[in-house]
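**Q** Got a structure for you, written out below as structure tokens; questions coming shortly.
The values are calculated or read from the model by the stated rules, or taken from the named source; none is laboratory data. Since the model is a prediction, treat every value here as computed from it, not as a measurement. Here the Cβ is made from the backbone with ideal geometry for all residues, glycine too, and neighbour counts use every protein chain on show. What goes into the accessible areas is simple: the full protein's heavy atoms, side chains included, and nothing from ligands, DNA or RNA. Shrake-Rupley method; radii C 1.70, N 1.55, O 1.52, S 1.80 Å.
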Amino acid sequence: MPSEADSAGFPAACWLDGVPGQVAVGVIVGMESEAALLPPGTRIGVAGADSARAASEARRLLDEGAEALLSLGIGGGLDPALVPGEIVIGTAVQDGDETLDTNQVWMCRLLNAIPHSQSGLIHASAGPVVGRGAKQALFVASGARVVDMESGAVARVAAAAGRPFAVIRAVADAADLSLPSSALAGIGPDGKSRPFAVIGRLALKPWELPDLIRVGLDSHTAHSALRVALGGLGPAFGL
């Protein structure tokens, strides 16, 4: 139990024994580059930024013995206060008209274990939220701080199975950046990178090069932040 000073700013649920320790965690990521950051032996599902595939992979991991589900990866910043590389731990996931809470004990353990991490609502989107105007409108309408395309599906599978669920997102593209179409071509439906598709799209739209370079640098920053965050969690991912 932390001291009163240590617990300042955290809800009382943070210090409850609401999640059994050392449970088997299944991790859903969108890209192979995110999967490569995970410890050897991790139960992994790669969704390829596809919600149906994310749900299928989450169910598979539960069928194979996972007792908790974690949605992990980079995400789009909606809150203008967030910069690339900041880690946001989900308080809940907004998916359509429904908001699904993450496990609050697990969330608090993650906040404690990952230095400088922040909490916030995650918005689940069926497709990329590309333009800065769209990001601003979504932030105002929803209050969500980060958007991704896997967490909603994973949250629903976890809720249906009665299993603990958590979200860790590293901000990649900030709220003020409109994603170039060449960047969107870079990830295949299987989560693999497609550099030649990016080059082909850039050849048609060479003016996108400055924003594409920024996307690449920011994505690298986000992946590096995730690597550092995972290094302090251990194989049980904070549980």
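**Q** Would you confirm, using the coordinates I've provided, whether Ala158 is under 19 Å from Met31 (Cα atoms) and in a helix (DSSP H, G or I)?
**A** No; evaluated as a whole, the condition is false for this residue.
**Q** Among the numbered conditions (1) buried (at least 23 other Cβ atoms within 10 Å of the Cβ); (2) in contact with a Gly (Cβ under 6 Å, 6 or more places away or on another chain), tell me where Gly75 comes up short.
**A** All conditions pass for Gly75, except number (2).
**Q** Additional query: Quick one: in segment 52-64, which of the residues that are surrounded by fewer than 19 Cβ atoms within 10 Å (Cβ to Cβ) and either among the hydroxyl-bearing types (Ser, Thr, Tyr) or at pLDDT below 95 (or both) is nearest to Val140 (Cα to Cα)?
**A** Restricting to residues being surrounded by fewer than 19 Cβ atoms within 10 Å (Cβ to Cβ) and either among the hydroxyl-bearing types (Ser, Thr, Tyr) or at pLDDT below 95 (or both), the top hit is Ala52.
**Q** Here's another thing I want to ask about it. If I filter segment 198-239 down to residues being open to solvent by 40 Å² or more (accessible area, probe 1.4 Å) and of a type in the set (A, V, I, L, M, F, W, C), which single residue comes out as modelled with the lowest pLDDT?
**A** By that ranking, first place goes to Ile199.
**Q** Restricting attention to segment 118-125, does a residue exist that is in a helix (DSSP H, G or I), open to solvent by less than 50 Å² (accessible area, probe 1.4 Å), among the β-branched types (Val, Ile, Thr) and more than 16 Å from Leu177 (Cα to Cα)? Outline the logic, then answer.
**A** Filtering segment 118-125 for residues in a helix (DSSP H, G or I) gives none.
Looking through segment 118-125, none of the residues is in a helix (DSSP H, G or I), open to solvent by less than 50 Å² (accessible area, probe 1.4 Å), among the β-branched types (Val, Ile, Thr) and more than 16 Å from Leu177 (Cα to Cα).
**Q** So which residues in segment 67-97 are at pLDDT below 95 and acidic (Asp, Glu), if there are any at all?
**A** Scanning segment 67-97 gives Glu67, Asp95, Asp97.
**Q** So how many residues does segment 86-102 have that are part of a loop (DSSP other than H, G, I, E, B) and surrounded by fewer than 21 Cβ atoms within 10 Å (Cβ to Cβ)?
**A** 2
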